[in-house]
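First up is the structure itself, then whatever we jot down about it.
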Amino acid sequence: MKIRIADFKGEIPRRHPRLLPMEYAQLAQNTRLDDGSIAPVREAALTTTLNADAASIFLHKGVWFSFPNDVDVVPGPVADDRLYITGNGAPSMNVNGTNYPLALNAPVLAPTVVMSGEPDDTIAQFITYAYTFVTIFDEESAPSPVSNAILWSAGLNVTVSDFSPPQSGRGINRIRIYRSQTSASGITDLYFVSEQPIATTSYVHDLVEEPLQEVLPSADYDAPPSTMAGLISLPNGMMAAFDGKKVLFCEPFKPHAWPEKYRLTIDRDVVGLAGFGTTLAILTTATPYVAQGTAPENMIMEKMERDLPCVAKRGIVDMGYAAVYPSSEGLVMITGGSADLVSRNLFTTEQWKALSPSSFHAEQYEGRYFFTHTPAGDSVQKMGIFDITGAQPYYIETDEAPITMTRDASTGALYMLLTARNVHRWDAPGAELKPQTWRSRLFQLVSPVSYSGVLVEADDPIGAIPAGETPNLTRIYADGVLVREFNTLNAPVRMPSGFQSRKWQIEIIGYVPITGISMAQSYDELGVP
């Protein structure tokens, strides 16, 4: 029997080494497996050292943000200098390094209104006034309580005064004043009449000079709750978050406004959210939900048919086409209206539990699910990789042990927090190569055979090999015993003669891309004279 491996894959831990498909590995570590070959990744490179110990990190426009707890940081849909943050106390907004509360509270005091004369009772109508706060970022609050109604007729001016003091630390620099108007159909709305500096103590409204303009846009601009968490971005200027059993949506392109009318309530506590396309995956302590829609007011929610609780908020990843997260039963993928256990053919239940899925911190990188975890009974974190793009998922091990990770969406780079303060880039361009290990399935034959030669086919290294290191080492095992070790590439190597075995295994260790391995009972089968 000739052994030929030419399309290399990763591990399937639940399968017995003898029962693995031909191209899959019993061990795959620090290897790419991008194009069918096995090629090493590069070493991680120190990118920055933080000023304080961190548990969450985020890179925005070349500036590192770090936090001591589980924090969600999302660039806003309004301006590229703004970040929106939940998990670090009350929700906040960071603008060029300055933090502001995200909540823009409505004025608490109704204005006082005084008319300049007596109205003409034959044409008079009742009117009220209200006002809003406006920030240096052009955010507008919900309105104040309306003033007492006064009977007004054309030709009379109204003095509006007694405005609330502005919210501290929110960058409020203006007020907008609104007056009511009742239509012929009996509908009353507030209409904009004037914008005034925040220092204004009173304002005289002359309807001739300042006629009614647009309707108040911020009537439903409720402030986000202080316990809002799990912030994510969605298409069409939307953002979503959760608070207990409630899923919240901001007013499109208004991340400071979270109208109560948009809120959805489910039957279990929300653990986290992930958005892909126009679908929002809502992951809970029991059954997942999905909500679909292009605007907050038309989101339609659907409950999945199976209890697949999310056990780690930080293990939730938006893959672009699906939401992936760790459950108590395995790794779950939500696409559209279905939830699939994609690790079913990868790990047994006991193997999955041994990974401690509740400890997962994960990111998407080059279409794969990268995760760091603390295995059961261990105190040292490890990082693994799931490739879930094919019909048969596989697993790749690494020798890294990050605390957490973040992916820079602008460059696609993956960064790891390897100590509480040191951030490294995974597979850093220009760094030396890591030593990779790939160990084949166990080839168990019906009867003992002897092999005459081995051919290992390779390409040139894709990076720098550490000084003094052997480019590649191939090991051949028979019945679990090392019988041949060599570093020859692209030329046949003779096997020792005089023995036979039923069980054979091949291991590659080194820094060179390997495109194929052949082991034959005669040199003729290797194509060698």
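The values are calculated or read from the model by the stated rules, or taken from the named source; none is laboratory data. Note that the structure is a prediction, hence the values are computed from the model and not measured. Counting neighbours? That spans all protein chains shown, and the Cβs are built from the backbone with ideal geometry, glycine included. Heavy atoms of the whole protein, side chains included, go into the accessibility calculation; ligands, DNA and RNA do not. Shrake-Rupley method; radii C 1.70, N 1.55, O 1.52, S 1.80 Å.
Amide H to amide H, which residues 5 or more places from A257 or on other chains are under 5 Å from it, using H placed in the peptide plane?
Amide H neighbours of A257: E251.
Which of the aspartates and glutamates could a cross-linker span from K246 if the Cα-Cα distance has to be under 14 Å and same-chain partners fewer than 8 positions apart are dropped?
Leaving aside aspartates and glutamates fewer than 8 places away in the same chain, those within reach of K246 are E260, D267, D269.
If you add up the charges near S153, with Lys and Arg at +1 and Asp and Glu at -1, over every other residue whose beta carbon is less than 12 angstrom from its beta carbon, what do you get?
-3
Tabulate in residue order the Karplus-calculated ³J(HN,Hα) for the stretch 448-460, using 6.51 cos²θ - 1.76 cosθ + 1.60 with θ = phi - 60°, rounded to whole Hz; enter x for Gly and Pro.
Using θ = phi - 60°, the values come out as x, 9, 10, 10, 8, x, 9, 10, 10, 9, 9, 9, 5 Hz.
Let me check I've understood the local charge: for T349, count other residues with C-beta under 11 angstrom from its C-beta, Lys and Arg +1, Asp and Glu -1. What total comes out?
Cβ neighbours under 11 Å give a net charge of +1.
Got a number for the accessible area of D138? Probe 1.4 Å, square angstrom, nearest 10.
Taking all protein chains as shown, D138 has close to 100 Å².
For the chain, what does the accessible surface come to per residue with a 1.4 Å probe? Please give it in Å².
Heavy-atom SASA per residue in the chain reads 42 Å².
Highest mean first, what order results for 235-242, 116-123, 153-160 on Cβ atoms within 10 Å?
235-242, 153-160, 116-123
Show the residues, 5+ positions off or on another chain, whose built amide H is closer than 5 Å to the amide H of F126.
W152
Once you've got the Cα coordinates, tell me which of K382/K503; K245/K303; K245/K353 are over 24 Å apart.
K382/K503; K245/K353
What is the Cα centroid distance between the stretch 156-202 and the stretch 235-269, reported in whole angstrom?
Comparing the Cα centres of the stretch 156-202 and the stretch 235-269, I get a distance of 27 Å.
Tally Lys/Arg at +1 and Asp/Glu at -1 over every other residue whose Cβ is under 13 Å from the Cβ of V512; what's the total?
Result for the neighbourhood of V512: -2.
Which loop-located trypsin sites (Lys or Arg not before Pro) does the stretch 2-102 contain, where loop means any DSSP state but H, G, I, E or B and the Cβ has at most 11 other Cβ atoms within 10 Å?
K2, K61
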